[in-house]
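*Asks:* Pasting in a structure now, in structure tokens, and then I'll have a few things to ask.
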Protein chains: 2
Amino acid sequence: MGEKKQQFREFLSRQGLKSTRQREIILDEFLRGDSHLSTEDLYLKLRKKNPGIGYATVYRTLKLFSECGIAEVRNFGDGQTRYESTTCEEHHDHLICKACGAIIEFEDPRIEELQEQVAKDHGFAIVSHRLEIFGHCAKCLYK
Amino acid sequence: MGEKKQQFREFLSRQGLKSTRQREIILDEFLRGDSHLSTEDLYLKLRKKNPGIGYATVYRTLKLFSECGIAEVRNFGDGQTRYESTTCEEHHDHLICKACGAIIEFEDPRIEELQEQVAKDHGFAIVSHRLEIFGHCAKCLYK
DNA sequence: CCATCAATTGAAATTGGTTTTCAATTTAAC
DNA sequence: GTTAAATTGAAAACCAATTTCAATTGATGG
Ligand SMILES: [Mn+2]
Ligand SMILES: [Mn+2]
Ligand SMILES: [Zn+2]
Ligand SMILES: [Zn+2]
């Protein structure tokens, strides 16, 4: 079984929650599909194969994923909350195309290090951060 | 008259819009008060001296400020849109305390430069960006 | 000054994404 | 199996943001 599935089951058990058919289905689709999906995105994908699943269940399950640590919440300013699977990969930030909506991930240790330094200069203890760069992707620029 | 007030009047005239008592009052309060205010924050402050002013007017006027370039829209993830006056100061980013809500501004040319580099590496043209660091401020840490 | 007309205003209604409620159902443990 | 607690889906509620609309106000220019 996938590492993430295992992690979720342990989380449920630890919290006195139950493993259900719906949660399995939602997790499978969440792990398989594209990243940066909104609740609605995922709900619509799920409905195709599982007409019975309710929006509220998808919403609640994604919330559990983030509490469990297998999903991260993103907010790119389009009014939709998005979730992405936390893979074994490191933390990363995003370039977001204002034209086509493409999301490019990047990671720059030098920027991370400078953030630490800035925080330190202000006696500030970092819990999390987000860096989002908006603009136009290569594809959209030369079209 | 303040530079920003002048700038707003010229904007209104250019757009065929009118200068009104309400817009003057809202601009005065916006320029005087704290920064990073939500529409509701500003609305409540205004009501104390000007009971007649409507929420919709505050909302619409703040939108005009941002179109005019004298205000910038901020979204720190608490579900409220905030506005801050664009002073002559440079662009800056934010440290946000999760405990007390304090907002500390900073500016680091080295980070900005690295962002440019990242974008360049991806053939991406930057329009804007935001860097927000969440955590605990010095004051909250030693309390 | 006054007439005119488009812009503005405030209250109330609407929107859209999120979150909660609740009765029926399902799950895990005994 | 029985039982108690957790879960589910539909519908309602929530809430900030946005729009609607009838009444009012500002700018223009006769
Ligand atoms: Mn990502
Ligand atoms: Mn600021
Ligand atoms: Zn693009
Ligand atoms: Zn603090």
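The values are calculated or read from the model by the stated rules, or taken from the named source; none is laboratory data. All of these numbers come straight from a predicted model, not from anything done at the bench. Cβ atoms come from the backbone with ideal geometry, glycine included; neighbour counts cover every protein chain shown. Keep in mind that these areas ignore ligands, DNA and RNA; they rest on the heavy atoms of the full protein, side chains included. Shrake-Rupley method; radii C 1.70, N 1.55, O 1.52, S 1.80 Å.
*Asks:* Being surrounded by fewer than 18 Cβ atoms within 10 Å (Cβ to Cβ), modelled with pLDDT of 95 or more, touching a strand residue (DSSP E or B) at 6+ places or on another chain (Cβ under 9 Å) and not β-branched (V, I, T) is true for just one of B:R74, B:R82, B:R130, B:R110. Which residue is that?
*Replies:* Every option except B:R130 fails the conditions.
*Asks:* Could you check how many residues of segment B:42-52 are more than 30 Å from A:R74 (Cβ to Cβ) and surrounded by 19 or more Cβ atoms within 10 Å (Cβ to Cβ)?
*Replies:* 1
*Asks:* With the requirement that a residue be under 9 Å from the mean Cα position of the chain (by Cα) and either among the basic types (K, R) or over 26 Å from B:Q80 (Cβ atoms) (or both), what does segment A:54-76 give you?
*Replies:* Answer for segment A:54-76, where residues must be under 9 Å from the mean Cα position of the chain (by Cα) and either among the basic types (K, R) or over 26 Å from B:Q80 (Cβ atoms) (or both): A:I70, A:R74.
*Asks:* Find the strands (runs of 3 or more DSSP E) located wholly in segment A:69-143 whose residues include 2 or more that are facing another protein chain (nearest Cβ under 7 Å), and list them.
*Replies:* A:103-106, A:125-136
*Asks:* Moving on to the next point. Tell me yes or no: at least one residue of segment B:53-69 is of a type outside the set (K, R) and under 24 Å from A:V118 (Cα atoms).
*Replies:* No: zero hits.
*Asks:* Check segment B:19-27 and report whether any residue there is open to solvent by 40 Å² or more (accessible area, probe 1.4 Å), closer than 22 Å to B:T81 by Cα and hydrophobic (A, V, I, L, M, F, W, C).
*Replies:* Within segment B:19-27 (the criterion being open to solvent by 40 Å² or more (accessible area, probe 1.4 Å), closer than 22 Å to B:T81 by Cα and hydrophobic (A, V, I, L, M, F, W, C)), the answer is no, since none of the residues qualifies.
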